[in-house]
Amino acid sequence: MSKIKFTIITLFQEALEPYLNTSMMWKAKDKGIAEFDFVNLREYGLGPHKSVDDTPYGGGDGMLLRCEPVFNAIEDIKKKDPNAQVILPTPAGEIWNQATARQFAETEGAHYIILCPHYEGYDERILSIVDYKVSLGKYVLTGGELPALIIIDSVVRLIPGVLGGETSAIVESFSDGDNIEYPQYTKPYDFRGMTVPDILLSGNHGEIAKWRAANSKNLQK
Ligand code: SAM
């Protein structure tokens, strides 16, 4: 069994697949660490047109995801795994952060269902089957697909075995709350007159560690 599973309910699987088949997400899948599954919400649509949305009561622009297709899709997934938890990307959610990503990554054998709304949003009653409401920040995206990818990426890369160096995720930005990683340099030493701080070439690991600590930032300060 994989260490983590994501089932993504979406109308736009083709928007998600290329990213999940690339780089670290592909590696996590290939190593059996993460599993990504898709459910096409259209299959749960109503009537001959397999409709998944309708106009808002009280008027207004746009279309809202209806309850029936969403509840039926989630209930079907939960029949196979009653412990699966539902994440809803929404501007009304808690702002996503590294500490929450780490908490998700450390939950062995977890299965998260991510519902990707589109259009104007969703019927509010859908919240009754949601465990986590997640906001990506104070801006509006077209749908839940990009938030789903961001949530998945930020969690999966923290699972041991996904990144190359086991310390990479421990020392990077936000690993300790509001810290931002120290500046880093690679070859050449001199690029157009901009040189690398000499301390980094000194071989003195103690002094390098001090320099890095002094040059890390804390967003709260
Ligand atoms: N009418 C909604 C509002 O004003 O809050 C915006 C709907 S948006 C066009 C469609 C969907 O994209 C949302 O229901 C949500 O799933 C997702 N979405 C958009 N912005 C988001 C954000 N900042 N964080 C998380 N999800 C977001």
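Among the residues of the stretch 125-133, some residue qualifies, meaning at least one is closer than 26 Å to Pro82 by Cβ, part of a strand (DSSP E or B), hydroxyl-bearing (Ser, Thr, Tyr) and assigned by TED's automatic domain parsing to the domain that holds Ile95. Scanning the stretch 172-211 for residues that are within 27 Å of Ala105 (Cα to Cα) and part of a loop (DSSP other than H, G, I, E, B) yields Glu172, Ser173, Phe174, Ser175, Asp176, Gly177, Asp178, Glu181, Tyr182, Pro183, Gln184. Just a yes or no: is a residue in the stretch 52-66 crowded, with 20+ Cβ neighbours inside 10 Å, in contact with a strand residue (DSSP E or B) (Cβ under 9 Å, 6 or more places away or on another chain), under 29 Å from Val162 (Cα atoms) and not basic (Lys, Arg)? No; the residues of the stretch 52-66 include none that is crowded, with 20+ Cβ neighbours inside 10 Å, in contact with a strand residue (DSSP E or B) (Cβ under 9 Å, 6 or more places away or on another chain), under 29 Å from Val162 (Cα atoms) and not basic (Lys, Arg). Name the pairs whose Cβ atoms lie under 6 Å apart, with the first residue in the stretch 76-102 and over 20 Å from Ser128 (Cα atoms), the second small (Gly, Ala, Ser), and 6 or more positions between them or separate chains? So the pair list comes out as Ala101/Ser154. Candidates are the residues of the stretch 103-124 that are surrounded by fewer than 16 Cβ atoms within 10 Å (Cβ to Cβ) and away from the ligand (no atom under 13 Å from the Cβ); the one that is nearest to the chain's Cα centre (by Cα) is Gln103. What number of residues within the stretch 138-175 satisfy the criterion of being at pLDDT 85 or above, under 24 Å from Gln220 (Cβ atoms) and more than 16 Å from the ligand (Cβ to nearest atom)? Selection size over the stretch 138-175: 3. With respect to being surrounded by fewer than 11 Cβ atoms within 10 Å (Cβ to Cβ) and outside any loop (DSSP other than H, G, I, E, B), Ala214 fits the description. Scan the stretch 66-99 for residues that are under 15 Å from Phe6 (Cβ atoms) and within 16 Å of the ligand (Cβ to nearest atom) and the total you get is 7.
The values are calculated or read from the model by the stated rules, or taken from the named source; none is laboratory data. All values derive from a computational prediction rather than experimental measurement. In this analysis, Cβ positions are derived from the backbone assuming ideal geometry, glycine residues included, and neighbour counts consider all displayed protein chains.
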